[in-house]
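Enquirer: Input: one structure, supplied below.
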Amino acid sequence: MLPLNLTLSPSPRCNSRCLTCNIWMKRENELTLAEWDKVLQSLGRAPYWFTVSGGEPFMFSGIVELCQMAYEHCRPGIINIPTNSILKTIPDKVERIARSCPESQLIINLSLDGLGEKHDFIRGVAGNFAKFEERLKQLLELRDELPNLAIGIHSVVSVFSVGHLDELMAYADQSGADQFITEIAEPRVELDTVGLPITPSKEEYGEAIDRLIQYVESKQFKGVAKITEAFRVEYYKLVKRILDEEDQVIPCYAGWASAQIYADGTVWPCCVRADNLGNLRDHNYDFKKIWFGEKIREVRRSIAARECHCPLANASYTNMLHDVPTVLRVGAKVIRPDSIKATNGTSLAVGIKPDEVEYERK
C-alpha cells in the first residue's frame, strides 16, 4: 500500500532560532514546484493526511501552489501546516489554500512554547509572542468565514517548557483555538538535534502527561471529536510507556503507512531515523519506484524488529490506527456516555466541530 500519512518538507529554511531545533542552519537543493507536481501525480489518491512541514513552511514561496497540487492530484481529507506565526503573509496564504482546496480540512497549528518572554526566549526571536497573538486573531477571524479551516495551538514539551505546561493549557483553553496539541522534544536527524539534551526526564514528562490527560478528560466531546480526543489520551499514555520501557510498545508502521519527503527529494520512513530510501530525482519522480523497491526492505525489517523506538506524534497516530488493542480501548471509551466529561463541544484534537455536518463527514 501507499502511505496513508505523508509529510512534505519543501524547505528547511526557517526564521526561528529555537533552542530545540537546528534545522534553520540547513540549506538544500530543493525540489522545484514542477518537480513536486510530478511526485504528487505519482501518488494518486493514496495519502489521506498531508503535513506540510519545514523549517517554517510559509517561507517556502510556493506553499500555496504545493497544497493546490496535492489537492488536485491526491484529494487528501486533511492538509496540516504548522507555523511559527512570524510572517505577515500567513493569513493571505492560508485563505488562498483553504478556498482552493474546499474538500480538504485545512489545519493550521501555531507554535506556542511559553507565554510572553518565555516564548520569545525558547523560539529565539524577540517579539515572537506578539506576532503569535496577532496571527492567532487574524486566523480565527478567517476561520469564521471558511468552513474547512481549523486553527490549533501546538506546543513542544521540552526541558525548557515542561515546567510551565499548565500556563499553556490555560492560555489555549481561553484562546478560541479549535485544538491544543503537544509533542515531546526529541532528537531527530531532520532537525540536527541528535545528542542535544532537549528531552524532559521520564519523571517530568510523566507528570506533564498526567496533567494533559486530566485536562482532556475534563472536557466533553461529541461525535468525531469524542473519538479523536480518546486517541489523544492514548497517545499521551503511549509516550509515557515508550520513554519508560525504551521500546516501540506498539508496532511502528513508518515505511508502510507513513513517510516523509525531504526538501531535496529524499524519501524517509520518518524524520527521526531519516533513512535514505532513495531520491525521487533518481527515479523519474515516481514515488512508487522507491516505495515498492528493494532498498526499503531492510529499513522495514529493522523497524519491524523494533531496532528503534520514538514518540514521534505524526507516526504514532497512524500506528495507533493500525493497533487493534488501541482501537478497541478507544471504542470502549467512545461508547460509554460518561467516558469523557463535558464542558466544551469543540474538538481539541483535529479541529473538528461535531455540530457541523461537513466536519462530521470529514
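The values are calculated or read from the model by the stated rules, or taken from the named source; none is laboratory data. A quick note: this is a predicted structure, and the numbers were derived from the prediction, not measured. All Cβ positions, glycine included, derive from the backbone under ideal geometry; neighbour counts span all protein chains shown. What goes into the accessible areas is simple: the full protein's heavy atoms, side chains included, and nothing from ligands, DNA or RNA. Shrake-Rupley method; radii C 1.70, N 1.55, O 1.52, S 1.80 Å.
Enquirer: Give me a count of the residues in region 54-93 that are of a type in the set (G, A, S), buried (at least 23 other Cβ atoms within 10 Å of the Cβ) and either modelled with pLDDT of 95 or more or farther than 27 Å from T20 by Cα (or both).
Expert: Summing the residues that are of a type in the set (G, A, S), buried (at least 23 other Cβ atoms within 10 Å of the Cβ) and either modelled with pLDDT of 95 or more or farther than 27 Å from T20 by Cα (or both) in region 54-93 gives 2.
Enquirer: Okay, next question. Does region 164-179 hold any residues that are aliphatic (A, V, I, L, M) and in a helix (DSSP H, G or I), and which are they?
Expert: L165, L168, M169, A170, A172
Enquirer: Consider only pairs whose beta carbons are under 7 Å apart and that are at least six residues apart or on different chains; among these, list those whose first residue lies in region 318-336 and is over 16 Å from P3 (Cβ atoms) and charged (D, E, K, R) and whose second residue is in a helix (DSSP H, G or I) and open to solvent by less than 70 Å² (accessible area, probe 1.4 Å).
Expert: Pairs that qualify, where the first residue is over 16 Å from P3 (Cβ atoms) and charged (D, E, K, R) and the partner is in a helix (DSSP H, G or I) and open to solvent by less than 70 Å² (accessible area, probe 1.4 Å), are R329/E234; K333/A230.
Enquirer: All but one of (1) touching a strand residue (DSSP E or B) at 6+ places or on another chain (Cβ under 8 Å); (2) open to solvent by 60 Å² or more (accessible area, probe 1.4 Å) hold for W256; which doesn't?
Expert: Status for W256: all satisfied but (1).
Enquirer: Which number in (1) at pLDDT below 95; (2) among the acidic types (D, E); (3) not in a loop (DSSP other than H, G, I, E, B) marks the one condition that D247 misses?
Expert: With (1) at pLDDT below 95; (2) among the acidic types (D, E); (3) not in a loop (DSSP other than H, G, I, E, B) applied to D247, the lone miss is (3).
Enquirer: A follow-up question, please. Output the residues belonging to region 270-305 that are on the phi > 0 side of the Ramachandran plot and at pLDDT 95 or above.
Expert: Those that are on the phi > 0 side of the Ramachandran plot and at pLDDT 95 or above: G278, N284, Y285.
Enquirer: Tell me, yes or no, whether region 226-243 has at least one residue that is of a type in the set (G, A, S) and not in a loop (DSSP other than H, G, I, E, B).
Expert: Yes, because at least one residue in region 226-243 is of a type in the set (G, A, S) and not in a loop (DSSP other than H, G, I, E, B).
Enquirer: Kindly establish whether K38 is open to solvent by 20 Å² or more (accessible area, probe 1.4 Å), basic (K, R), under 22 Å from N279 (Cα atoms) and modelled with pLDDT of 95 or more.
Expert: Spelling it out, K38 is indeed open to solvent by 20 Å² or more (accessible area, probe 1.4 Å), basic (K, R), under 22 Å from N279 (Cα atoms) and modelled with pLDDT of 95 or more.
Enquirer: Continuing with the same structure: So which residues in region 122-151 are under 23 Å from E183 (Cβ atoms), part of a helix (DSSP H, G or I) and touching a residue at least 40 places away in the same chain (Cβ under 8 Å)?
Expert: If the condition is that a residue be under 23 Å from E183 (Cβ atoms), part of a helix (DSSP H, G or I) and touching a residue at least 40 places away in the same chain (Cβ under 8 Å), then I122, R123, N128, K131, F132, R135, L136, L139 are the ones that fit.
To keep it simple, each residue is scored yes or no on (1) within 22 Å of L149 (Cα to Cα); (2) crowded, with 16+ Cβ neighbours inside 10 Å; (3) not aliphatic (A, V, I, L, M).
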site: L168; (1), (2), (3): no, yes, no
site: F180; (1), (2), (3): yes, yes, yes
site: I184; (1), (2), (3): no, yes, no
site: L196; (1), (2), (3): no, yes, no
site: L212; (1), (2), (3): no, yes, no
site: K226; (1), (2), (3): yes, yes, yes
site: V233; (1), (2), (3): no, yes, no
site: D244; (1), (2), (3): no, no, yes
